[in-house]
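Notes to accompany the following structure.
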Amino acid sequence: MEAKKLISLLLFTFIFAALSTNLFLHDSNEIQYFFIIRKLRSLVLGIQRGWHCNSASNGNGVQTEQPVRRAFLSPNLSTCHQSLTDADVPIYCCPPKRESEEPFIDFQLPDPSLPLRVRRPAHLVDEEYIAKYNKAISIMKSLPYDDPRNFMRQANVHCVYCSGAYDQQNSNNTILKIHRSWLFFPWHRMMLYFHERIVASIIGDDTFALPFWNWDVPDGMRIPVMYMNGSFADKDRDTSHLPPQVADIHFDYVESGFSPQDQIASNVAFMYTQMVSGAKKTELFMGCPYKAGDEGFCDGPGTIELAPHNALHTWVGSNLNPERENLGAFYSAARDPIFYAHHSNIDRLWEVWRGLQGNNKGEIHDPDWLDSYFFFHNEKLQLVRIKIRDVLDITKLGYAYERVPLLWLNARPEPSMPPKIARYMLKMRDSHNGLLLSSHTNSANFEPEGRILDTTIRAKVHRPKTHRTKEEKEEEEEVLVVYGIDVKKDVYLKFDVFVNAVDGETTIGPESREFAGTFVHMRRGVRLVMNKGETTVKRKTNLKLGISELLEDLEADGDESIWVALVPRGGTGMHISVDGIRIEYMR
Ligand code: C2O
C-alpha cells in the first residue's frame, strides 16, 4: 500500500512538473526525458542542482522559477558535415569516423599527485625542451590520420568547431561556433589541455607543458625563434614578419612603419587598453553570452579576442595565400605549431585578467556558460565530454604559468594633447558644425541605412549620465557601443575608435589615451548561424568598449557629450557599415 501511494505521488508530481514547465512542447526526446527526470527528482527531493537550471537564485538566495530551457550549448556529434572556410571554400575537417558512434567518458581532473606542468615563455625555453617538443610534433605528424593524436587531426578539431561543422545538440540546423563570444577562452583552454597531454604522453614526460608566445613583453614581441626550425617551421607565414621583425599586435593589415621601439611602445599601451581600461566588466573581456538555439546566438568578441588575438593570427599568416593561411584563417590556423603557443598566451592572459579583478568579480556564474560542453580525444584516445565548469581552475588541471613581468599594467596612455585645449577645440568645432556637415554629424544614429566606413566617421555622442561618483563608476562601467556593425564583405576588416581626438586619429594610435579600442574582423564566413544552404542568417555585430577611465583622463567626465571617431584601417572600411554609436552602462 505504501509503495502504491508513493508511486501515485510520484506520478502526480511528474505530470504536475511536466505541465507546469511546458516540457511536452519540446521536441527532442532524449533531452526532454532527461529534464523530466531531473525536474521530477528536484521536486521530490527538493534538490536544485546539477545540469538543469530550472531555478535560479535571485541574488538574495531566493530560488525563483525560470522557464525551462531546451539544452545547453553543445555539439551534436552525429551531424559533422562539410563546412566552409572563411572565404566560402568548402572544407571537410570532420573525423574519419563519426564521434557519435564512439563511447565517451566524462572529464576527470588529472591525478593531483602528478607534477605541476609549468608553461614557460617560448623565447626562454632551452634546447633540450625544444628537442623533446620537436620530436613529439614530428611523431604526431607521422601518425595515421585515423589516430586522433595525429597533428592534422588536432588542427582539424579547431577547424570543426570554428567553421561550424557541427550542428548544435537539439537545435535543428543551428550550428556551433566557438569564436566571437564567451566560449572563446574556455573552449581554447580545453583544446590546449588535451593537446598538451597528448604531447606529454607521446614523449613519455608528464612534466611537459606547452610554451607560451609571450607577445605582451618586449622580448617576446616577435615570432619565437624556436618556431623557425624543425617540425615547428611553417612555410605559410608572412615572410616579412619573421624574426627579428617586431610583432604588430594591433595589425592594421598594412605595415605600421614603426621603428621597433615605437612598435613596442604602441603594443604595450595597447595591451593596457585591452586588459585594463577597456575590460573592466566581464562581458567586455570575455565576449557576449552565446547560448543554445537560434535565439541564443550572439556575435560580440571580447577585447583580447579582437586584438591581439585576431590581429596576430592575420599578422603571422602568409600574405600570399587567399585567406592568409595558415595562421590567418581559422580552419587552417592550428596547422601552424605556433597556434598552440599563441593560445597559451591568450589562456594565460585570461588568468591574469581574472587575478586583476579581485573578489572573484570576473567570474561568470551563468549555468548556460558553465554547463556548455564539448568533446575532445584524450591521450588515451578516449572521447571525453568536458564542460566549461571543468576548466576554471588551472591548478586543478595540473598546470601553471611562469610569472613574467606585466609591463603593460602601468602603461596607462597619456592624452595626445592637453585635454583642456582639445576640449576647447572640439567645442569650437561644434559651434561651427554647420560648416562641417560633410564630415561631422551631431546624430550618432545612422539608421536605417547605416553609414559606410569608407572614410572616418565622426559623431557627437550624448552621455546620459555625467559627474558620477567613484562608487557609481565602479558599479557601472560607461560603455561606448558601436552598434549594428554590418560586415558587407567577408574580408579582414579593422577600424579603431577614438574619443575626443582633434582630427589627429590618422596620426595617433593606441599609445594615445584618445584610443578607446578596435574592431578586428578576421574572415570567418558569413553564415554565422545556419549552414545547410536553407537559410543564410547574417547578424550584425556590436562593439562594446569600456571608457570610464579614459573619460577621466581626458577630463571629459563632466561633459554631456563626447566626440567619437571611427577610423577605418588598411583601406578596409568600404566593406563595413555601422548603424550608430551610443553610450550604455554595464554592471
Ligand atoms: Cu580558435 Cu586563435 O583561434
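Using 7 Å Cα-to-Cβ label points, what is the T466/R587 separation (nm, one decimal)?
2.7 nm
Can you put V564, V246, V404 in order, fewest other beta carbons within 10 Å first?
Details: V564 24, V246 21, V404 18.
By the 10 Å Cβ count, ascending: V404, V246, V564.
State the dimensionless ratio Rg/Rh of region 277-369 (Rg: radius of gyration of Cα atoms; Rh: Kirkwood radius).
On the way: Rg = 15.3 Å, Rh = 14.8 Å.
Expressed as Rg/Rh, it is 1.03.
Note the full-extension length gain between Q82 and E555 as 0.36 nm times their separation in residues minus their Cα-Cα distance, in nm to one decimal.
Values: separation 473, 0.36 × 473 = 170.28 nm, distance 5.32 nm.
Extra length from Q82 to E555 when fully extended: 165.0 nm.
How would S181, S561, S171 line up from fewest to most surrounding beta-carbon atoms within 10 angstrom?
On the way: S181 25, S561 17, S171 21.
Least crowded to most crowded, the residues run S561, S171, S181.
May I have the extent of the alpha carbons of region 103-229 along their three principal axes, as whole Å values ordered from largest to smallest?
50, 35, 32
With a 10 Å Cβ neighbour count serving as the proxy for reagent exposure, in which order, fewest first, do H250, H81, H195, H123 appear?
With the fewest neighbours first, H250, H81, H195, H123 line up as H81, H123, H195, H250.
Hey, any idea what the orientation-averaged projected area of the convex hull of region 170-292's Cα atoms comes to, in nm²? Working shown, then result.
Details: hull surface 44.8 nm².
Mean projected area for region 170-292: 11.2 nm², to one decimal.
Sort 86-93, 328-335, 151-158 for me by packing, meaning the mean count of neighbouring Cβ atoms within 10 Å per residue, highest on top. Display every interim value, and only then the final one.
Details: 86-93: 15.9, 328-335: 25.2, 151-158: 21.0.
Ranking the peptides 86-93, 328-335, 151-158 by packing returns 328-335, 151-158, 86-93.
What value in Å³ per residue do you get for the convex hull of the alpha-carbon atoms in region 83-410? Please list the in-between numbers first.
On the way: hull volume 44.1 nm³, N = 328.
Cα convex hull per residue, to the nearest whole number: 134 Å³.
Throughout, read-outs are computed from the coordinates displayed, never taken from laboratory work. Keep in mind it's a predicted model, so treat the numbers as computed, not measured. FYI the Cβ positions are ideal-geometry reconstructions off the backbone, even for glycines, and counts take in every protein chain you see.
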